[in-house]
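To start, the structure under review is shown below, and the notes come after it.
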Amino acid sequence: MAERGEPLTDREREVLELVATGITNREVAQELFISINTVKVHLRNVYTKLGADSRTEATMIAVREGWVSVGEGAETSEPSQASPEPSSQASTEEEENVAAPPLPWPKRIALLVSLVLVVFAVVVSWPRAQPQSGVGSDLPLDRPRSSAGPSGRDAESPWLEKAQMPTRRAHLALALVDERLLAIGGQTPDGVTAAVEAYDPEGDIWRPLRQKPTPVAYVGAAAIGADVYVPGGCDLESQPMRTVEVYDAAADAWRQVSPLPEPRCAYALVAQEDALYLFGGWDGEQYVSTTYVYDVARGQWRELPSSGVSRGLAGAAALNGRLYVVGGYDGERELTDCSSYDPVSQTWSACAPLAVGRGGLGLAAVGGRLYAIGGGGWSSYLGFNERYNPEDDSWSAVETPLVGEWRNPGVAVFEGAVYAVGGWSSDYLSLNQAYEALPFRIFIPVSQ
C-alpha cells in the first residue's frame, strides 16, 4: 500500500517520466508493454507518494527533483521512441555509452508552458477555493481540500472495479430495485441532471431509463416494492424542494406523491417496511435535525422526534429493526456522531462514534454490520472506510478504493456486496466499485 513520502519504484519513475512528456495513459501503456489499468495503478501510487493532485503537479515535482530536465543539452530518461532518430539497430553497449538526445523543442516549450500554467493556477486559486458544483456559499458541499487529491489504493485492494457509470456525477441517489441498481439525478460537470441509469450487476452493464421529471442533486432514494421514492433534493438553482417523485420500475414511469412538509436536500433516507424515514438535511438556510416519516399506505408525511443533531450529508441504514444515522456535516466540520432510532418506541439512542468525521458518506447494512463508505474533504481526511459491529458497539477500519476525499457516492447493497458509484474526489466520478462484504456464502441443498 503506497504511503506519502515513500520513494518511487523504478517502474513508477518510468511511468512518471513518460507522463511528464505529455503523452496519454494509452501511449504510456504501449511504450512499457503494460495495460492501461496498470498505468493507472502506478499513477495513483505516484500521486499518493508525492502528495500530488494531478498529472501536471506530478510533472512539476518531477522537474523540480531533477527527474525530468527541460534545459538545453540536458539528459532525459525518456525512451528512445521520443528520439528523432531510430535506435533499433544500436547495440546494448552503444546505448549505454551514448547519452540520449534532449527533448525536442516543441515538447520543451509545451512542458514549460504547462509549468507556468500550474504556477499561475496555484497562485490564483490557493487563497480562495470556491465550490466546484455551482452550489451557493450557504451550502458549501463541494469545497475541495487543497492538500488532498484523488488517490487510489494498490492492486491488492478488496474492492473490485466494475463497469463505469455512463454519466459521471456526485450527490446522486442510488437504490436497488428488481435486481438492478438505479443511479438517479446528481451533479455533473454540466450542472444538475435528471439522468436515470440502471446497472445490472450480473451482466456488469449499464443502460439508460426514463429520466426523472425534475433534475435534482444532493438527493436520496429508497425502494419499497417496485417503487423507488425520491424526495426533495436541490434544484437547478441549488434550492431545496418539497416535490416527491416516484419511479415505477415495472412501467418505467414517474409519478408524484404527497410533497415533503418542508423543502429538504442533503438529507439521509432509509426505507423500513412500508415507510420512508428522512433525517436532517438542508432547508435552504441551515442544516436541521428534523425527522419525517412517510406512510406509503396513507400517502402522508408526519414529523417524528428529532435526533437533536443538526446535520446534512449523513448516512442512514436499517439494521436489526433500528434505523442508524451516522456522520454528516454541520456547516463547519464533519461529524463522528452515530445515533440509532427505534421506530416502535420512537426513541433515539447513541452508538459508538466513527473513528473520523465523515460528511457525504454512504451507509449500507449487510451481514449484520454497517459499512460507512466515503466522506472526507472538509475537515477530515479519508484514509479508510469503517465497519460497525452492533454486538460490541464498535467500529473497525475497512480499506477504501480512494483516499483523501470521496464525497456523496451512491451506495447500495446487492447479494452481499456493497456497491459505491460515482461521487466527488476533486472531480466528478463515474467509478463503480464493489466490496464483497460476504465473501463466503454457504448454499445448503434442499431435499424434496
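The values are calculated or read from the model by the stated rules, or taken from the named source; none is laboratory data. Please read these numbers as outputs of a predicted model, since none were measured by experiment. Positions of Cβ are generated from backbone atoms using ideal geometry, with glycine treated the same way; all protein chains shown enter the neighbour counts.
Screening 283, 274, 248, 295 for residues that are among the acidic types (Asp, Glu) and within 26 Å of residue 211 (Cβ to Cβ) leaves exactly one candidate, 248. Checking the structure you have, find out if any residue of the range 12-35 is hydroxyl-bearing (Ser, Thr, Tyr), under 27 Å from residue 157 (Cβ atoms) and either at pLDDT 50 or above or exposed (fewer than 15 other Cβ atoms within 10 Å of the Cβ) (or both). For the range 12-35, residues hydroxyl-bearing (Ser, Thr, Tyr), under 27 Å from residue 157 (Cβ atoms) and either at pLDDT 50 or above or exposed (fewer than 15 other Cβ atoms within 10 Å of the Cβ) (or both): present.
Among the residues of the range 302-323, is any assigned to a loop (DSSP other than H, G, I, E, B), acidic (Asp, Glu) and surrounded by fewer than 24 Cβ atoms within 10 Å (Cβ to Cβ)?
Within the range 302-323 (the criterion being assigned to a loop (DSSP other than H, G, I, E, B), acidic (Asp, Glu) and surrounded by fewer than 24 Cβ atoms within 10 Å (Cβ to Cβ)), the answer is no, since none of the residues qualifies.
Taking the range 284-329 as the range and being within 21 Å of the chain's Cα centre (by Cα) and among the aliphatic types (A, V, I, L, M) as the test, the residues that pass are 313, 314, 316, 317, 325, 326. Residue check: is residue 222 under 17 Å from residue 181 (Cα atoms), without any contact (Cβ under 8 Å) to a residue 24 or more places away in the chain and not aromatic (Phe, Trp, Tyr)? Considered against the rule, which asks whether it is under 17 Å from residue 181 (Cα atoms), without any contact (Cβ under 8 Å) to a residue 24 or more places away in the chain and not aromatic (Phe, Trp, Tyr), residue 222 comes out as no.
Exactly one residue among 358, 407 is in contact (Cβ under 8 Å) with a residue 40 or more places away in the chain, more than 16 Å from residue 317 (Cα to Cα) and under 21 Å from the mean Cα position of the chain (by Cα), and that residue is 407. If you go through the range 327-346 and keep only what is in contact with a Lys or Arg (Cβ under 7 Å, 6 or more places away or on another chain), without any contact (Cβ under 8 Å) to a residue 60 or more places away in the chain, under 20 Å from residue 389 (Cβ atoms) and outside any loop (DSSP other than H, G, I, E, B), you end up with 340, 342. Would you check if residue 154 is at pLDDT below 95, touching a strand residue (DSSP E or B) at 6+ places or on another chain (Cβ under 9 Å) and among the acidic types (Asp, Glu)? It is false that residue 154 is at pLDDT below 95, touching a strand residue (DSSP E or B) at 6+ places or on another chain (Cβ under 9 Å) and among the acidic types (Asp, Glu).
Hey, can you tell me all the residues within the range 311-348 that are under 22 Å from residue 233 (Cα atoms) and touching a Gly at 6+ places or on another chain (Cβ under 7 Å)? Within the range 311-348, 311, 312, 313, 314, 315, 326, 327, 328, 329, 333, 334, 335 meet the criteria.
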